[in-house]
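The next block holds one structure in the form of structure tokens; read it before the comments.
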Amino acid sequence: MTAEEPHSKPSGNGAKKQDGTVGSSGSDASASLDFIRSIVEADIKDGKNEGRVHTRFPPEPNGYLHIGHAKAICLDFGIAAEHSGLCNLRFDDTNPTKEDVEYVDAIQEDIRWLGFDWGNRLHYASDYFGQLYEYAVQLIKDGKAYVCDLSGDEIREYRGTLTEPGRNSPYHDRSIEESLDLFERMRAGEFEDGSRVLRAKIDMAAGNLNMRDPVIYRIIRATHHRTGDKWCIYPMYDFTHCLSDSIEGITHSLCDLDFEDHRPLYDWFLDQLPVHHPQQIEFARLNISYTILSKRILVRLVNDGRVNGWDDPRMPTLSGLRRRGYTPDSIRNFIGRIGVAKRDSMVAAADLEYGIREELNRRAPRVMAVLRPLKLIIDNYPEDRVEQLEAVNNPEDAAMGTRQLPFSRELYIEREDFREDPPRKFFRLAPGREVRLKHAYIIKCERVDKDERTGEIIAVHCTYDPETKSGAAQAARKVKGTLHWVSAEQSIPATVRLYSHLFTKENPLETDEGGDFTDYLNPDSLETLTSCRVEPSLADAVPGTSCQFMRQGYFCLDPVDSTDDALVFNRTVPLRDTWAKMQKAAKAK
């Protein structure tokens, strides 16, 4: 363990800020001013910062962005856009042991996908390493920083507790000249990792533990993805963040509540130097039920193989949500609905699902797909006949037109749509019963074929009434059930993945004593069906596009695993929210 770890970046949501609404390609979702926008409006009215609004989104490139970061992105870029201001993208790349160019590229892709752009204002904390070093030297010269030789464990021991003051390091009163010499030698690589740190000289009796002589620089011998091996000392986040904001002329530094206790330190560093002083404002971070929004834990899920990478559709990452079928509009609108608050709260996962369900209901085409096929044979339909039936693409939007569906003697229906011995209120197919095939005819079940060995039903034999074709004047006869279907010969094989919540507990981080969030991983979060059949119109579907499988839910053609010869669909959301009902039933047992 290194000496600087007690002062490392706050964990939790993995972002340094959150909420928001609009951007360069989104509509304004805020009907009234939230408390942050009220502050900004007041600052403009008072002429603060000469009326400028300049924000920043500063992710650390040590993982992929999740939906909590989307809140920060919408707020940072949104407030700037609302006031014709600027928003920078700045990578907080001060820990080369955890950062990678892969994350840098993925973060930029996700922000653009969400609908925002930083123009020519792409920055890195590493751009300022030279200037930050000079600031640290100035603090030493002013007697406000010193080189400390305590180990990480010793620093923690000397810091004290919430109820007990800390004690000065034995090196607290080291001379300015000696600290300057040692700091220069730290930079030159003379000392081992963790053997020395540079600390601010503030107050070891401060009630805020962050003010008890925090570490400013630590020694890390690791190749940086941008600066290579030029540096072997790296600044800590609290020191880097405020001064990077200052260098870039940021006016409003928006952070989540994890940084509220760090604001006095943010202000202290800026007050000690002759620099521009931005204002840090904190707000409630995003918490979603049955979800964890902590980059540290998401890294663990990926590294431990609990999920299939950062873009696993069960992950709350933007890449995972995108692969699952969520759209930028649905996420921005969700962020707009939940608003900006001052205190943390839990948002129901159903609220996020509601948004994409509403959007796809308006714009997604309806198609036929049978996930668990059971063969249906219409005995009185000609064997060599294939009839093209007209089907409406989306009843919510007539402009989407119609398509042709092939209908033949042998079809597939859902296995669950047939019961040999049906219960009460079962209105689907059963022996002697009639149902309508969607866009087609009324059929009647006559008999079934069974596997001689297992007794499993392998085919259902029916007859159809040719006078009941959908849309025909003589098709007025009513039946209680309507089933979806596909032609056995013309349909296309497909794999379908049914996703559910990754965790079974509303707040997986609230664990029992000795427990772990992994205790609540949902073993049924993914069900893969490999024998599905879909209508032939999907042969030309573009990966990433969405559709509604009638009576099943909304699905997205997987952009990673799907090929022309092997279609793979990911379920975005079911047609209705059934999770809460299922969880209530499980608890009742």
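The values are calculated or read from the model by the stated rules, or taken from the named source; none is laboratory data. Small disclaimer: the values here were computed from a predicted structure and weren't measured. Cβ atoms come from the backbone with ideal geometry, glycine included; neighbour counts cover every protein chain shown.
Matching residues to (1) under 30 Å from GLY553 (Cβ atoms); (2) among the small types (Gly, Ala, Ser); (3) out of contact with any Asp or Glu (no Cβ under 6 Å at 6 or more places or on another chain):
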| position | (1), (2), (3) |
| --- | --- |
| GLY228 | no, yes, yes |
| ILE233 | no, no, yes |
| THR240 | no, no, yes |
| ASP267 | no, no, yes |
| ASP271 | no, no, yes |
| ILE288 | yes, no, yes |
| LEU321 | yes, no, yes |
| ARG332 | yes, no, yes |
| ILE335 | yes, no, yes |
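Taking ALA399 as meeting all but one of (1) out of contact with any strand residue (DSSP E or B) (no Cβ under 6 Å at 6 or more places or on another chain); (2) assigned to a loop (DSSP other than H, G, I, E, B), write down the number of the exception.
(2)
Using the structure shown, decide if PRO382 is in the same structural domain as ALA440 (by TED's automatic domain parsing), of a type outside the set (D, E, K, R) and either surrounded by 14 or more Cβ atoms within 10 Å (Cβ to Cβ) or without any contact (Cβ under 8 Å) to a residue 24 or more places away in the chain (or both).
So PRO382 does not fit the description; no.
Any idea which residue in segment 97-131 is surrounded by the fewest Cβ atoms within 10 Å (Cβ to Cβ), counting only those that are out of contact with any Phe, Trp or Tyr (no Cβ under 7 Å at 6 or more places or on another chain) and of a type in the set (A, V, I, L, M, F, W, C)?
Taking the candidates together, the pick is VAL101.
Do we find that ARG497 is assigned by TED's automatic domain parsing to the domain that holds GLU414 and charged (D, E, K, R) in this structure?
no
Taking ASP142, is it under 23 Å from the mean Cα position of the chain (by Cα), in contact (Cβ under 8 Å) with a residue 24 or more places away in the chain and farther than 25 Å from LEU75 by Cβ?
Taking the combined requirement at face value, the residue does not satisfy it.
With GLU506, GLU513, GLU535 as the choices, which residue is buried (at least 19 other Cβ atoms within 10 Å of the Cβ) and among the charged types (D, E, K, R)?
Answer to the check: GLU535.
Filter segment 393-432 down to residues that are among the aliphatic types (A, V, I, L, M) and without any contact (Cβ under 8 Å) to a residue 40 or more places away in the chain and give me whichever is nearest to SER470 (Cα to Cα).
In this case the residue turns out to be ALA398.
When the residues of segment 423-443 are filtered to those that are of a type outside the set (D, E, K, R) and in contact with a Pro (Cβ under 8 Å, 6 or more places away or on another chain), which remaining residue is surrounded by the most Cβ atoms within 10 Å (Cβ to Cβ)?
Looking at the filtered set, the residue picked out is TYR441.
Of the numbered conditions (1) surrounded by fewer than 21 Cβ atoms within 10 Å (Cβ to Cβ); (2) part of a loop (DSSP other than H, G, I, E, B), TYR64 fails exactly one; give the number of that condition.
Against the list (1) surrounded by fewer than 21 Cβ atoms within 10 Å (Cβ to Cβ); (2) part of a loop (DSSP other than H, G, I, E, B), TYR64 comes up short only on (1).
If the requirement is being in contact (Cβ under 8 Å) with a residue 40 or more places away in the chain, touching a Lys or Arg at 6+ places or on another chain (Cβ under 8 Å), more than 30 Å from HIS439 (Cα to Cα) and buried (at least 23 other Cβ atoms within 10 Å of the Cβ), which of these qualifies: LEU318, LEU293, LEU352?
Exactly one residue qualifies, and that residue is LEU293.
With respect to the numbered conditions (1) in the same structural domain as GLN404 (by TED's automatic domain parsing); (2) modelled with pLDDT under 95; (3) of a type outside the set (S, T, N, Q), which one is the sole condition not fulfilled by ASP516?
Just one mismatch for ASP516, condition (1).
Keeping to segment 221-242, report how many residues are over 29 Å from LEU162 (Cβ atoms) and assigned to a loop (DSSP other than H, G, I, E, B).
10
Taking the options GLU446, GLU416, GLU452, name whichever one is surrounded by fewer than 12 Cβ atoms within 10 Å (Cβ to Cβ) and within 14 Å of LEU376 (Cβ to Cβ).
Sole residue among the options that is surrounded by fewer than 12 Cβ atoms within 10 Å (Cβ to Cβ) and within 14 Å of LEU376 (Cβ to Cβ): GLU416.
Specify which of the listed residues (PRO328, PRO264, PRO274) is closer than 30 Å to ASP577 by Cα and not charged (D, E, K, R).
Exactly one residue qualifies, and that residue is PRO328.
Could you give me the residue pairs with C-beta distances under 6 Å whose first residue belongs to segment 216-234 and is acidic (Asp, Glu), whose second residue is in a loop (DSSP other than H, G, I, E, B) wherever it lies, and which are 6+ apart or on separate chains?
Taking only residues 6 or more apart or on different chains, the pairs are ASP229/THR223.
Evaluate segment 180-196: report whether one residue or more is more than 25 Å from THR94 (Cα to Cα) and in the same structural domain as TYR133 (by TED's automatic domain parsing).
No, the conditions are met nowhere in segment 180-196.
Hey, can you tell me all the residues within segment 135-190 that are surrounded by 13 or more Cβ atoms within 10 Å (Cβ to Cβ) and among the small types (Gly, Ala, Ser)?
If the condition is that a residue be surrounded by 13 or more Cβ atoms within 10 Å (Cβ to Cβ) and among the small types (Gly, Ala, Ser), then ALA136, ALA145, SER151, GLY152, GLY160, GLY166, SER169, SER179, GLY189 are the ones that fit.
Go through ILE36, ILE44 for me and flag whichever is surrounded by fewer than 24 Cβ atoms within 10 Å (Cβ to Cβ), within 18 Å of LEU286 (Cβ to Cβ), outside the structural domain of LEU509 (by TED's automatic domain parsing) and at pLDDT 95 or above.
Residue meeting the stated conditions: ILE36.
Collect the residues in segment 243-256 that are surrounded by fewer than 22 Cβ atoms within 10 Å (Cβ to Cβ) and not in a loop (DSSP other than H, G, I, E, B), keeping them in residue-number order.
SER246, ILE247 - these are the residues of segment 243-256 that are surrounded by fewer than 22 Cβ atoms within 10 Å (Cβ to Cβ) and not in a loop (DSSP other than H, G, I, E, B).
Considering only strands (runs of 3 or more DSSP E) fully contained in segment 434-500, which possess at least 3 residues that are touching a residue at least 40 places away in the same chain (Cβ under 8 Å)?
So the answer is 434-437, 457-465, 492-499.
From the residues in segment 270-290 that are in contact with a Gly (Cβ under 9 Å, 6 or more places away or on another chain) and touching a residue at least 60 places away in the same chain (Cβ under 8 Å), which one is surrounded by the most Cβ atoms within 10 Å (Cβ to Cβ)?
LEU286
Being in a loop (DSSP other than H, G, I, E, B), out of contact with any Cys (no Cβ under 8 Å at 6 or more places or on another chain), at pLDDT below 95 and not β-branched (Val, Ile, Thr) is the requirement here; does LEU150 meet it?
no
Quick check on this structure: which one of TRP113, TRP118 is touching a helix residue (DSSP H, G or I) at 6+ places or on another chain (Cβ under 9 Å), in a helix (DSSP H, G or I) and not β-branched (Val, Ile, Thr)?
Going through TRP113, TRP118 in turn, just one is touching a helix residue (DSSP H, G or I) at 6+ places or on another chain (Cβ under 9 Å), in a helix (DSSP H, G or I) and not β-branched (Val, Ile, Thr): TRP113.
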